[in-house]
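One structure is given below, encoded as structure tokens.
Read-outs: derived from the displayed coordinates by stated rules, not from any lab. Just so it is clear, the model here is predicted, and its values are computed rather than measured. Note: ideal-geometry Cβ built from the backbone for every residue, glycine included; neighbour counts use all protein chains shown.
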């Protein structure tokens, strides 16, 4: 009887573990001004920032130590825009494109050297995927894949797009159930994909949001759940990319304020501003497990 009881307890623990869900609290620690309005990524004590037409590297104290203001050298097709970025094994992954007034072309996965910030290679996207724009990119080391997201609405913004990490082969797309609008960035952490969305109205002081989804192996769709409302930034504006320090439980978030954005393009400034201010907000993350449904 004792052995049977132990087995039943073990099975119960396994079943309950499968019902556990992650609940995360976010405490704002500090913010840093940066040069670049599109994306952020973190690895081994360094941060990289993407502007629409620039890449920069920062040290652990957020001092800029390298910059490339001509990141489009070496491309075979015309591009003028970099979105949110990611870093993996000493290489920067960027979604690049030619972007004008909300319309994109020449979308591709671009890989840069994380030290020199120079272009190393590119992979074209799959036009038949239906993707119309690339606002962000995320590397999933566990499954050796790259995910791309789309800022534009309609069908393009309802999916995320999957590519092989090594050769850039298109592997399919996943439908986001109840997707947020105006997706800006994407990052992978602890088996989840996290998505930022510029779904608040800065004119009304409405905050933007972070969402979370989990892609099961072979799944064609995934539910998107709200994760955090960013009502603690200095002033509401435009949310952009994100990244994680997985070893120390930190979230890095890029946020812009001051500029009036129409169709993805700056068109002027709000009262009190003569330039756009880009900042990285660093949060401490505390994870707890709660019983799921």
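Key figures
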quantity	calculated
Dimensions (Å) - the chain, Cα atoms, principal axes, largest first	74, 42, 38
Stretch gain in nm, segment residue 166-residue 80, where the contour uses 0.36 nm per residue and the Cα spacing is subtracted	28.5 nm
Two-site label geometry, residue 144 and residue 128: point separation in nm, points 7 Å out along Cα→Cβ	2.3 nm
Point-to-point label distance, residue 44-residue 262, nm (Cα→Cβ direction, 7 Å offset)	4.6 nm
Backbone N under 20 Å from the residue 229 label point (7 Å along Cα→Cβ), restricted to the stretch 195-221	195-213
The chain - mean residue ellipticity at 222 nm from DSSP helices (-39,500 (n - 2.57) per run, n ≥ 4, rounded to 500)	-2000 deg cm²/dmol
Rounded Å value of the spacing that divides the Cα centres of the stretch 188-216 and the stretch 118-183	16 Å
Cut-off 15 Å, label 7 Å out along Cα→Cβ of residue 204, residues of the stretch 153-179 by amide N	none
Cα convex hull of the stretch 38-143, projected area averaged across orientations, nm²	6.8 nm²
Considering only the chain, percent of DSSP beta bridges that pair antiparallel, nearest 5	95 percent
Rounded to 10°, Cα long-axis angle of helix 2-18 versus longest principal axis of the chain	20 degrees
Coarse-grained scattering of the stretch 70-201 at q = 0.11 Å⁻¹, given as base-10 log I(q)/I(0) from a Debye sum over alpha-carbon atoms	-0.34
Inter-probe distance in nm under a simple model that places probes 7 Å from Cα toward Cβ, at residue 214 and residue 66	3.7 nm
